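A quick write-up on the structure given underneath.
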Amino acid sequence: MLQALPPAILSQLIPYMERIELRRDEVLAEAHSTMSRVHFIEHGLTLFTKMMSDGRSTMIASVGREGMTMPNILGGAHRTGVECVVLIPGTALSIDRSVLFGLALKSPQLGQMLQQYSLFMNEQITQISACNRLHSLEQRYARLLLTVHQNAEGRPFTLTQEMMAITLGAQRPHISVVATQFRKKNLIEYRHGQMQVINPERLRLASCECHDILKDGTEEMYLPLP
């Protein structure tokens with residue numbers, strides 16, 4: 001997202017940014033809390049999850065190297081109804097929310113980029129909501145693994161069955177069955193929470209169309225602004 005900005009605009013942001021580490025399972029924002037800082041992900045992956053009153057939760061969106069953790073900033077939002085948690089550790093460029101908002105008001109190109117990303121995130125939430133309702137657990141499991149694999153940059157990653165169950169809104173025994181199936185098909189290697197995708201092309205075939213739809217939308221974020 002930042003790479004798509006003209007150098008002159010990016011140079012205005014950099015002095016206000018601080019590089020921070022993203023630690024696994026770190027909560028960047030609790031549900032219904034005030035978000036004072038925006039994080040542009042450099043490496044790693046964060047998830048937006050929604051928890052219900054009975055304790056169940058599910059992922060509604062993810063943010064990796066393509067975006068930032070407060071997509072609706074231009075709408076004046078400073079609170080979130082969902083939790084933002086780090087799934088894959090890495091680094092991010094952090095900036096004060098009010099500073100970014102002020103710079104966006106002064107720069108039409110920056111404002112356009114933030115608005116474009118907000119629209120993309122709305123589309124992602126809609127797509128994942130439909131996916132959670134209409135597609136099988138196997139398809140959704142494959143879709144999530146592909147997203148994690150891409151943001152882990154092909155390296156092994158820590159992803160427990162418990163976290164997968166929380167993320168996909170499924171019961172852990174069902175996740176265990178799917179993981180075993182995928183391992184037997186030589187799609188993944190999995191041991192003690194450490195996982196690696198060993199055949200991303202076949203895993204893509206096991207996923208639903210949502211993966212390609214979201215991937216195409218993400219890649220559009222890298223197109224240079226006019």
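The values are calculated or read from the model by the stated rules, or taken from the named source; none is laboratory data. Remember, it's a predicted structure, so these values are computed and weren't measured experimentally. Here Cβ is always computed from backbone atoms with ideal geometry, including for glycine, and neighbour counts include all displayed protein chains. Areas reflect the complete protein model, heavy atoms only, side chains present, ligands, DNA and RNA absent. Shrake-Rupley method; radii C 1.70, N 1.55, O 1.52, S 1.80 Å.
Before moving on, here are some points about what is shown:
- Degrees separating the helix 108-134 axis from the principal Cα axis of the chain, which is the longest one: 20
- The heavy atoms of MET52 present about 110 square angstrom of accessible area, all protein chains included, probe 1.4 Å.
- Length-normalised contact order of the chain in % [C-alpha pairs under 8 Å, at least 6 apart]: 24
- Among ARG56, ARG191, ARG143: highest mean-square fluctuation, GNM of the chain, C-alpha pairs under 10 Å: ARG191
- With all protein chains modelled, accessible area of GLU123 [1.4 Å, Å²]: 120
- Result for the chain in a Gaussian network model with C-alpha springs under 10 Å: among PRO15, PRO200, PRO89, the largest mean-square fluctuation is at PRO15.
- Accessible surface of the chain [probe 1.4 Å, protein heavy atoms]: carbon and sulfur percent: 52
- Cα-based helix-to-principal-axis angle, 210-220 vs the chain, degrees rounded to 10: 20
- Proportion of all alpha-carbon pairs of the stretch 1-87 beyond 16 Å (%): 57
- D_trans [Stokes-Einstein, Kirkwood Rh over alpha-carbon pairs] for the chain, 4 °C, 1.567 mPa s, µm² s⁻¹: 72
- Ordered by 1.4 Å accessible area with all protein chains kept, LYS185, LYS106, LYS50 run largest first as LYS106, LYS185, LYS50.
- Charge dipole (the chain, unit charges on Cβ, about Cα centre) - positive-most of CYS131, GLN171, HIS43: GLN171
- Placing +1 on the Cβ of every Lys and Arg and -1 on the Cβ of every Asp and Glu, with nothing else charged, gives the stretch 82-226 a dipole about its Cα centre of roughly 440 debye.
- Considering only GLY193, GLY90, GLY67, the Gaussian network model of the chain with Cα springs below 10 Å gives its largest mean-square fluctuation to GLY193.
- Solvent-accessible area per residue, Å², over the stretch 186-225 with all protein chains present [probe radius 1.4 Å]: 61
- Per residue, the average separation of C-alpha pairs within less than 8 Å and at least 6 apart gives the stretch 115-183 a relative contact order of 27 percent.
- Point-charge dipole on Cβ atoms (K/R +1, D/E -1) for the stretch 1-140, about Cα centre, debye to 20: 180
- Note on ILE60: accessible area approximately 40 square angstrom, rounded to 10, probe 1.4 Å, nucleic acids and ligands left out.
- Taking every C-alpha pair closer than 8 Å and separated by at least 6 residues, the mean separation divided by the residue count of the stretch 12-113 gives a relative contact order of 43 percent.
- Solvent-accessible area per residue, Å², over the stretch 4-150 with all protein chains present [probe radius 1.4 Å]: 46
- Ordering GLN150, GLN116, GLN181 by Cα displacement along the dipole of the stretch 92-185 toward the positive end leaves GLN181 in first place; charges were set at the Cβ atoms of Lys, Arg (+1) and Asp, Glu (-1).
- Largest accessible area first, the residues ARG24, ARG133 order themselves as ARG133, ARG24 under a 1.4 Å probe with ligands, DNA and RNA left out.
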